[in-house]
Amino acid sequence: MILSMKDKKVELLLKVGSKGQIVLRKKLREALGIREGSVIKVSLEDKKIIIEPIEWDKELSEINEIANEVAKYWPKGLSAVEAMREDRE
């Protein structure tokens, strides 16, 4: 049941199943681009559950940026395992 739709805000009443599951309605999934197999991020903020679709291209780009920054300072030919061993010695 859609309760209100104001300024891109949609409020729905959803019933929680016996295993704590909820079903996101089709219009909501379509609006967010969520399909079967999609990965979503769920967070809790001030007693509110926030569900966000993950944009893999953006996430991978950020990971690549971090990896490139680390690579500037990482010794050539040294694996992470070898680096940890050296650090512990």
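A few points about this structure:
- A residue that is assigned to a helix (DSSP H, G or I) and surrounded by 10 or more Cβ atoms within 10 Å (Cβ to Cβ) occurs nowhere in the stretch 33-53.
- Filter result for Ile50 (β-branched (Val, Ile, Thr) and farther than 30 Å from Val10 by Cα): no
- In the stretch 55-79, the residues that are in a loop (DSSP other than H, G, I, E, B), over 13 Å from the mean Cα position of the chain (by Cα) and not hydroxyl-bearing (Ser, Thr, Tyr): Trp74, Pro75, Lys76, Gly77, Leu78
- Residue in the stretch 15-29 that is in a helix (DSSP H, G or I) and either surrounded by fewer than 10 Cβ atoms within 10 Å (Cβ to Cβ) or over 19 Å from the mean Cα position of the chain (by Cα) (or both) present: yes
- Of the residues contained in the stretch 14-26, none is found to be of a type in the set (Gly, Ala, Ser) and either in contact (Cβ under 8 Å) with a residue 60 or more places away in the chain or in contact with a strand residue (DSSP E or B) (Cβ under 6 Å, 6 or more places away or on another chain) (or both).
No lab work stands behind these numbers, since they all come straight from the coordinates. Everything numeric here is computed off the predicted structure, so don't read it as measured data. Quick reminder, even Gly has a Cβ in these numbers, built from the backbone with ideal geometry, and neighbours come from all protein chains shown.
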